[in-house]
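Here the structure is laid out as structure tokens; the discussion comes afterwards.
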Amino acid sequence: MIVAANFKTNKTRKETVEYLKELKTIDFENVKVAVFPPQTALTEDDLIGAQNAYPTVNGAYTGEIGLEQLNEFNIKRILIGHSERRHILGETQEFIAEKFNFFKENGFEIFYCIGEPLEIRKKGIDAVIEYLKNQFRGIDLEYEKLIVAYEPVWAIGTGVSASIDEIRATHAEIRKFTSKPILYGGSVKLNNIEDIIKIKNVDGVLVGSASLDVNVFKQMIKKA
Ligand code: PEP
């Protein structure tokens, strides 16, 4: 089971250090835990991954960080393709695939996010799979350090998770494309995590809002 926290644009460096210290008061030997803090809170810690980076060692990409900056903290884990980067920051599939391939070549563990918007979900599972297939363009779905995160856009940060049946059916379809772990993300909370992780082809969860409270996140890990 994999349980990952995405802080997005929340928490300072000091808060993140305190969070990690508190998180490690529990034993999670049987669960793989990952924490994605904002860039200013990146630290040398096994749990830490980067929410984003530019596919370059270094160079002229104002406002971005590259491999050189991640190497400084020994970071070998990255989140790519999150819906907020696709839809708010306007990242195209071509650019996302370029990032994927750069960080693959550099041996990173890649949490690769996919997910459909509500208008596609309303058209049914076939339309959803067609949409997701596009988000697989240029991605090596058998990369040994790949972890896929299925996160329906309409479920992210809305408090409304996908239903058990929707998750089961969608993960079963995604499984046809990859043998690697598939996480579910989108309003996973303390009160629904147990039901979600029991679903076939769900290998863990990616948690946004609910991960911000370390005591809640610790309980979620215990449930996993
Ligand atoms: C996310 O952004 O990856 C996410 C799953 O957010 P939330 O848990 O808040 O829906």
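Here are some notes:
- Exclusive hit being in contact with a strand residue (DSSP E or B) (Cβ under 9 Å, 6 or more places away or on another chain) and surrounded by fewer than 16 Cβ atoms within 10 Å (Cβ to Cβ), set L70, L89, L141: L141
- Residue among I88, I120, I65 that is aliphatic (A, V, I, L, M), farther than 22 Å from A155 by Cβ and without any contact (Cβ under 8 Å) to a residue 40 or more places away in the chain: I65
- Test: residue in the range 180-191 that is more than 16 Å from the chain's Cα centre (by Cα) and either touching a residue at least 24 places away in the same chain (Cβ under 8 Å) or more than 16 Å from the ligand (Cβ to nearest atom) (or both): yes
- Residue among A34, A4, A50 that alone is touching a helix residue (DSSP H, G or I) at 6+ places or on another chain (Cβ under 7 Å) and either touching a residue at least 24 places away in the same chain (Cβ under 8 Å) or surrounded by fewer than 16 Cβ atoms within 10 Å (Cβ to Cβ) (or both): A50
- Look at the range 157-176: where a residue is touching a residue at least 40 places away in the same chain (Cβ under 8 Å) and a partner is among the hydrophobic types (A, V, I, L, M, F, W, C) and surrounded by 15 or more Cβ atoms within 10 Å (Cβ to Cβ), sitting 6+ places away or on another chain with Cβ atoms under 6 Å, you get E173/I129; I174/I182.
- Test: residue in the range 54-64 that is surrounded by 15 or more Cβ atoms within 10 Å (Cβ to Cβ) and within 30 Å of K200 (Cβ to Cβ): no
- Residues being crowded, with 19+ Cβ neighbours inside 10 Å and touching a Leu at 6+ places or on another chain (Cβ under 9 Å) - total across the range 105-138: 8
- Scope the range 192-218; condition near the ligand (Cβ under 9 Å from one of its atoms) and either closer than 12 Å to V3 by Cβ or surrounded by fewer than 17 Cβ atoms within 10 Å (Cβ to Cβ) (or both); matching residues: V205, L206, V207, A210, S211
Read-outs: derived from the displayed coordinates by stated rules, not from any lab. None of these values were measured; they are calculated from a predicted model. As a convention, Cβ positions derive from the backbone with ideal geometry for all residues, glycine included, and neighbour counts pool all protein chains shown.
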